[in-house]
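Student: Right, I'll just put the structure down here and ask away after.
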Amino acid sequence: GLTGDWAKVALIDTEHERARFYANRSDLGTGAFLWAPLGPPYAPERYMALADEAAAAVGPEGAVIVDSLSHAWSHEGGVLDVKDRIAAQRGKNSYTAWNEAGKLQNSLINHLLAAPCHVLCTMRSKTAYDLRDNERGGKTPVKVGLAPVQREDVEYEFDIVLDASRDHAATAGKDTTFLDRYGAVISPE
């Protein structure tokens, strides 16, 4: 829908090659797209290098899909892993390690946002909880929805954030465009 041409879509796949299940599917209306696997370590530098290659391959009218950005945060070689390695160094601790690890995270996000084409990032989700006062004067965890498996507030970096349900209906959680009240299955239109 963004490119009008499947050859102008490049997908970076951290999901054990699952994206290939969706290529060239007449039942889904998908065509052949460019595809690159990304396995561990999920270092932000590796994401940036593949995103550069993908953007160059699809051009300014193309789209790069990162599936999934969560690995760059919480999997082997991701930002949390880097933070732990820094904190283990002599004279460092978990608090001071965030300075360097945070810069790496910011660099990754800014690099993706600066790509000279459309960039779509998927993120795994986890159940989000909030502590609420209970009748006994204590706190009780209450499920408040889903949160991305990524740095807190990362969704505010993107122009559009769509939350997709199991039935593929998407609702806009954040939007700076025209999809503010969107709530349906995503179509090319």
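Student: Given the structure, is F21 under 17 Å from V119 (Cβ atoms) and without any contact (Cβ under 8 Å) to a residue 40 or more places away in the chain?
Tutor: Criteria not met by F21.
Student: Also, quick follow-up: With a cut-off of at least 1 residues that are farther than 28 Å from K126 by Cβ and not charged (D, E, K, R), name the helices (runs of 4 or more DSSP H) lying wholly within the stretch 1-94.
Tutor: The helices (runs of 4 or more DSSP H) meeting that bar are 44-58.
Student: Okay, next question. Does T122 satisfy the criteria of being closer than 18 Å to A63 by Cβ, open to solvent by less than 70 Å² (accessible area, probe 1.4 Å), at pLDDT below 90 and out of contact with any Cys (no Cβ under 9 Å at 6 or more places or on another chain)?
Tutor: no
Student: Working only within the stretch 131-143, note down all residues that are assigned to a strand (DSSP E or B), open to solvent by less than 70 Å² (accessible area, probe 1.4 Å) and not hydroxyl-bearing (S, T, Y).
Tutor: V142
Student: T127 - would you say it is surrounded by fewer than 19 Cβ atoms within 10 Å (Cβ to Cβ), at pLDDT below 95 and under 17 Å from E157 (Cα atoms)?
Tutor: No, not satisfied.
Student: I'm trying to understand the selection: among the residues of the stretch 142-189, which are without any contact (Cβ under 8 Å) to a residue 40 or more places away in the chain and of a type in the set (K, R)?
Tutor: Within the stretch 142-189, K143, R166, K174, R181 qualify.
Student: What is the one condition in (1) of a type in the set (S, T, N, Q); (2) at pLDDT 95 or above; (3) touching a Ser or Thr at 6+ places or on another chain (Cβ under 9 Å); (4) surrounded by fewer than 18 Cβ atoms within 10 Å (Cβ to Cβ) that T14 does not satisfy?
Tutor: (4)
Student: Taking F33 as meeting all but one of (1) open to solvent by less than 20 Å² (accessible area, probe 1.4 Å); (2) touching a helix residue (DSSP H, G or I) at 6+ places or on another chain (Cβ under 7 Å), write down the number of the exception.
Tutor: All conditions pass for F33, except number (1).
Student: A follow-up question, please. Quick one: count up the residues across the stretch 36-64 that are closer than 24 Å to V82 by Cα, touching a helix residue (DSSP H, G or I) at 6+ places or on another chain (Cβ under 7 Å) and open to solvent by 60 Å² or more (accessible area, probe 1.4 Å).
Tutor: Number of matching residues: 0.
Student: Still on this structure: What about A56, is it touching a His at 6+ places or on another chain (Cβ under 6 Å), under 30 Å from P188 (Cα atoms) and of a type in the set (G, A, S)?
Tutor: Spelling it out, it is not the case that A56 is touching a His at 6+ places or on another chain (Cβ under 6 Å), under 30 Å from P188 (Cα atoms) and of a type in the set (G, A, S).
Student: Quick check: is even one residue across the stretch 100-119 surrounded by 14 or more Cβ atoms within 10 Å (Cβ to Cβ), in contact with a Leu (Cβ under 9 Å, 6 or more places away or on another chain) and over 27 Å from W35 (Cβ atoms)?
Tutor: So far as the stretch 100-119 goes, yes, one or more of its residues are surrounded by 14 or more Cβ atoms within 10 Å (Cβ to Cβ), in contact with a Leu (Cβ under 9 Å, 6 or more places away or on another chain) and over 27 Å from W35 (Cβ atoms).
Student: I want to confirm something. Restricting to the stretch 144-189 and keeping residues that are touching an Asp or Glu at 6+ places or on another chain (Cβ under 9 Å), polar (S, T, N, Q) and assigned to a loop (DSSP other than H, G, I, E, B), which single residue is most open to solvent (accessible area, probe 1.4 Å)?
Tutor: Among residues in the stretch 144-189 that are touching an Asp or Glu at 6+ places or on another chain (Cβ under 9 Å), polar (S, T, N, Q) and assigned to a loop (DSSP other than H, G, I, E, B), the one most open to solvent (accessible area, probe 1.4 Å) is T176.
Student: When you go through (1) in contact (Cβ under 8 Å) with a residue 24 or more places away in the chain; (2) at negative phi; (3) not hydroxyl-bearing (S, T, Y) one by one for E100, which number turns out not to apply?
Tutor: Every listed condition holds for E100 apart from (1).
The values are calculated or read from the model by the stated rules, or taken from the named source; none is laboratory data. Not measured: the values here are computed from a predicted model. Note that we place each Cβ from the backbone using ideal geometry, even for glycine, and neighbour counts take in every protein chain shown. Surface accessibility is based on the protein's heavy atoms, side chains included, excluding ligands, DNA and RNA. Shrake-Rupley method; radii C 1.70, N 1.55, O 1.52, S 1.80 Å.
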